[in-house]
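These notes are about the structure you will find just below.
The values are calculated or read from the model by the stated rules, or taken from the named source; none is laboratory data. Nothing here was measured: the structure is a model prediction, and the numbers come from that model. In this analysis, Cβ positions are derived from the backbone assuming ideal geometry, glycine residues included, and neighbour counts consider all displayed protein chains. Just the protein is used for accessible areas: all its heavy atoms, side chains included, with ligands, DNA and RNA removed. Shrake-Rupley method; radii C 1.70, N 1.55, O 1.52, S 1.80 Å.
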Amino acid sequence: MTTHKIVYGDQVIPYTIKADPKRHVRIAIHVEPDGSVVVDAPPEFDLAAIHAAVQKRARWVAGHVGEALTRFAHVRPREYVSGEQIMYLGRRYVLKVVRTDQKPLGVRLRGNRLEVETRSGESEDIKGRVRAWYRVKARDYFASKVAKASGRLPWVEDIPAFRLMDMAKQWGSCSPEGQLILNPHLIKAPRDCIEYVILHELAHLKHHDHSAEFWKLIETHQPLWKKAKTELDELVELLTVE
């Protein structure tokens with residue numbers, strides 16, 4: 001991938017070009033939820049032509065980048081103190097920090113609270129315990145959903161392996177060998193959003209691009225996928241803040 005820039009008014013907006021062997025004629029411009037701009041283009045596409053096309057849509061790009069950055073501006077890093085809100089499967093829970101002189105028990109949900117025991121009371125200790133809890137929950141929940149989805153999708157012959165990996169700009173990916181990678185932050189999202197991401201990655205086992213056939217496959221198996229994707233995009237800064 002290579003990085004370039006366009007100018008709109010007094011704004012200088014960087015964008016990244018990603019070569020897509022499956023794309024033959026047109027380019028596709030995406031503004032990611034974090035405000036970054038990615039352009040999918042055929043490998044042989046002329047750089048000057050790509051730049052001209054992106055510059056032509058500078059107003060649209062700048063508007064969407066501005067909306068994304070505005071959403072992020074209202075999100076502050078967590079302090080990991082009692083009273084903060086914690087997201088899990090689309091619901092909001094209240095963090096309760098419990099000081100103890102004994103060996104801390106595991107993180108647990110109790111009603112509308114997420115209780116975390118700590119000896120030190122330091123935010124990094126609490127953050128580490130919450131992150132570990134999220135990863136355990138993500139591993140178990142995603143395993144169940146991947147297995148369930150694999151059983152009902154006719155092109156999936158075997159339940160694919162998956163692993164968790166923190167990613168800045170993706171909820172998931174599918175390797176050419178068929179291994180899924182899922183972002184553990186996704187466990188904070190509503191269930192239908194998680195199902196959309198898993199379906200999206202499993203669909204890549206049949207179509208290794210984002211062609212019309214790919215999206216038709218998504219539509220067939222999750223008719224309300226656009227609603228789930230929009231909700232996920234709108235929540236991204238809340239779900240990924242730490």
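Identify all residues within segment 82-93 that are open to solvent by 80 Å² or more (accessible area, probe 1.4 Å) and either basic (Lys, Arg) or at pLDDT 95 or above (or both); write none if there are none.
Arg91, Arg92
From Lys96, Lys103, which residue is open to solvent by 60 Å² or more (accessible area, probe 1.4 Å), at pLDDT below 95 and in contact with a strand residue (DSSP E or B) (Cβ under 6 Å, 6 or more places away or on another chain)?
After applying the criteria, what remains is Lys96.
In segment 215-242, what residues are open to solvent by less than 30 Å² (accessible area, probe 1.4 Å) and in contact with a helix residue (DSSP H, G or I) (Cβ under 6 Å, 6 or more places away or on another chain)?
Of everything in segment 215-242, those that are open to solvent by less than 30 Å² (accessible area, probe 1.4 Å) and in contact with a helix residue (DSSP H, G or I) (Cβ under 6 Å, 6 or more places away or on another chain) turn out to be Leu217, Ile218, Gln222, Trp225, Ala228, Leu232, Glu237, Leu239.
Has segment 114-135 got any residue that is under 17 Å from Ala189 (Cα atoms), open to solvent by 50 Å² or more (accessible area, probe 1.4 Å), in contact (Cβ under 8 Å) with a residue 24 or more places away in the chain and of a type in the set (D, E, K, R)?
The answer is yes; a qualifying residue exists.
Go through the residues of segment 30-40 one by one and say whether even a single one is farther than 24 Å from Glu234 by Cβ and of a type outside the set (A, V, I, L, M).
No, the conditions are met nowhere in segment 30-40.
Anything in segment 21-52 that is among the aliphatic types (A, V, I, L, M), within 20 Å of Ser211 (Cα to Cα) and surrounded by 11 or more Cβ atoms within 10 Å (Cβ to Cβ)? List them, or say none.
Within segment 21-52, Ile27, Ala28, Ile29, Val31, Val37, Val38, Val39, Ala41, Ile50 meet the criteria.
Suppose the filter is small (Gly, Ala, Ser), under 14 Å from the mean Cα position of the chain (by Cα), at pLDDT below 95 and open to solvent by less than 40 Å² (accessible area, probe 1.4 Å); does Ser211 pass it?
No; evaluated as a whole, the condition is false for this residue.
Only strands (runs of 3 or more DSSP E) wholly contained in segment 19-89 count here; list those with 3 or more residues that are under 30 Å from Ser123 (Cα atoms).
85-88
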